[in-house]
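Notes for the one structure printed next.
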Amino acid sequence: MTASPFDLSGKVAIITGGNGGIGLGMARGLARAGASVVIAGRNEAKSKSAAAEIEQLGVKALPLNVDVADKAAVIGMVDATLSAFGRLDILINNAGINIRNPADTLDLDDWHKVIDTNLTSAFLCAQAVYPTMKKAGGGKIINVGSMMSIFGAGFLPAYAASKGGIVQFTKAIASSWAQDNIQANAILPGWIDTELTRRGRVQIPTLHETVLARTPAKRWGNPDDLAGTAVFLSSPASDFLTGISIPVDGGYSAQG
Ligand code: NDP
């Protein structure tokens, strides 16, 4: 019998921000498809607990303490992955933060914090994994955007800029690394119930109802809704697909 095109047995994935929310949902999906997972985050206790949960699925999981905006830490993350597993097949750039403030009052430090964490980190991580993937004959990079990769929102200037940048950065590395058999694509989640959006719902009391009214599926997504697309983009099933951004949003971006 031929292997499933979605099979990830024996593969190794780094998932930044894999210790909770969407990152953990994608980690569960990859683990169920057979991949071992490196959980990279700043909160050590959360990363350890996520790794323990992933190991229950029968694969190996390694929690690592990493600030993805720090170049030396990112290089250390790749080194630690190669020491532990001897290979690296998949990178998911998922770590992200949000600081809500309109452009007229947003502090420059806050602008840099969001851009560094959400966009510069994707560059640093992709650059750090490239030599290993090239040498191995291929790899998969998945960048996490947002509905703010497509739409704007007055209270999210830095976040929207970072997520718009993710789409264009994805196209750039997809173009330059296709000849190395490295595919780079983005996932654009719709409104997903996580710590990030729970904070948003506290700050913006109308957000919950607005999202429900605007989402054709009439529900918020949950982190496991992202697992299938993450597995697809990590697997041989997507070997001739590169440079695209897939909304996973219950139809949010489909309507005008
Ligand atoms: P969470 O707040 O639940 O998760 C964010 C993750 O990012 C955490 O695991 C956190 O780890 C990690 N992280 C943040 N900063 C750093 C850093 N400097 N270094 C390493 N890790 C870091 O949010 P979500 O799961 O909702 O968000 C995940 C991604 O999905 C983000 O990129 C977000 O922008 C995007 N997204 C979310 C949507 C939603 O509706 N929830 C919609 C569209 C996009 P730690 O706690 O250890 O720092």
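What follows draws every value from the coordinates through simple rules; no lab data is involved. Computed from a prediction, not measured in an experiment: that's the story for all the values here. When we count neighbours, we look across all protein chains shown, and the Cβ atoms used for this are built from the backbone with ideal geometry, even at glycine.
As a ratio to 2.2 N^0.38 Å, the alpha-carbon radius of gyration computed for the stretch 138-183 takes the value 1.34. What the Kirkwood sum gives for the chain is a hydrodynamic radius of 18.2 Å, with every pair of different alpha carbons counted. Measuring r between the beta carbons of Thr210 and Ala103 and using R0 = 30 Å, the FRET efficiency lands at 0.90. The Cα atoms of the stretch 103-192 define a convex hull whose projected area, averaged across directions, is 6.2 nm².
Between Leu156, Leu188, Leu62, the Gaussian network model of the chain with springs among Cα atoms under 10 angstrom shows the greatest mean-square fluctuation at Leu156. Extension gain for Arg42 to Lys134 (0.36 nm times residue separation, less C-alpha to C-alpha distance): 30.3 nm. For the stretch 1-116, taking the reciprocal of the average inverse distance between every pair of different Cα atoms yields a Kirkwood hydrodynamic radius of 15.0 Å. Largest mean-square fluctuation among Asn94, Asn222, Asn185, in a Gaussian network model of the chain whose springs join Cα atoms under 10 Å apart, belongs to Asn222. Cα axis of helix 21-32 to longest principal axis of the chain: angle in degrees, 0 to 90, nearest 10? Orientation of helix 21-32: about 30 degrees from the principal axis. A Förster distance of 25 Å, applied to the separation of the beta-carbon atoms of Ser253 and Asp7, puts the FRET efficiency at 0.25.
Here the mean projected area of the convex hull built on the C-alpha positions of the stretch 52-125 is 6.2 nm². Inter-label distance, Ser83 to Arg198: 3.4 nm, where each label sits 7 Å from its Cα along the C-beta direction.
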